[in-house]
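Here the structure comes first, spelled out in structure tokens, and everything after it is commentary.
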Amino acid sequence: MSFLKKIIILSLLMLLGCQTLNTTPIEVNISQEVTFSGKGAGAGIALISAMGPSGLAIGVAIDIGIAKEIKKNITHQQLESSIKSILSKYNSVQLQNDHIHYFEITTLKFQSFSDDSDPTAVIIEGNILFKDERLLPFSNISYYEKYITPLMLLKSKKSESNALILENIEHLISTI
């Protein structure tokens, strides 16, 4: 067989091989709503005895303010891109029907725990839709306390909120 024929045959095999790769486009949807529960809830309960129902309202307002600070540090486009990367890695080792087609985060709730450093975790809930139309609701409620970050970092550094969310999602994807 001549050298030219070998090149043509190899080129055709490569072209045919590339056509059989079927990449599944992944759509990621992240809720824009961010909630926080922690300092304000505790303060609100303490303030009820001194101020009545308005004390509770002050506590709720504290938590809403903290949620706004955390939300402004979440870069949704970067987070979406990182999640797509995690899901693409997952899809690359799965059978075609097990590919994730759609990933939705419906709840992002940051939860602070009592401690000097205000360790904070994120509760994530949502849905995964596979290529074969299976819907898998998910929640990290059983392990969210494993991944914590000090509240001050979540409020002051842009990358910290995304990193905390991504740690939880990587754990979730590894358990599917």
Qualifying positions in segment 81-108 - crowded, with 16+ Cβ neighbours inside 10 Å and among the aliphatic types (A, V, I, L, M): Ile83, Ile86, Leu87, Ile100, Ile105, Leu108
Any hit, segment 7-27, residues being modelled with pLDDT of 80 or more, out of contact with any Phe, Trp or Tyr (no Cβ under 7 Å at 6 or more places or on another chain), over 15 Å from Ile105 (Cβ atoms) and small (Gly, Ala, Ser): no
Spans of strands (runs of 3 or more DSSP E) in segment 79-176 with at least 1 residues in contact with a Lys or Arg (Cβ under 7 Å, 6 or more places away or on another chain): 100-112, 119-130
Residue tally, condition assigned to a helix (DSSP H, G or I), open to solvent by less than 20 Å² (accessible area, probe 1.4 Å) and either under 20 Å from Ile169 (Cα atoms) or out of contact with any Leu (no Cβ under 6 Å at 6 or more places or on another chain) (or both), over segment 30-58: 1
Tally, over segment 139-176, of residues that are under 20 Å from Asn29 (Cα atoms), open to solvent by less than 20 Å² (accessible area, probe 1.4 Å) and either of a type outside the set (A, V, I, L, M) or over 13 Å from the mean Cα position of the chain (by Cα) (or both): 4
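The values are calculated or read from the model by the stated rules, or taken from the named source; none is laboratory data. A quick note: this is a predicted structure, and the numbers were derived from the prediction, not measured. With ideal geometry, Cβ positions are generated from the backbone for all residues, glycine too; neighbour counts draw on all protein chains shown. Accessible surface areas use protein heavy atoms only, side chains included; no ligands, DNA or RNA. Shrake-Rupley method; radii C 1.70, N 1.55, O 1.52, S 1.80 Å.
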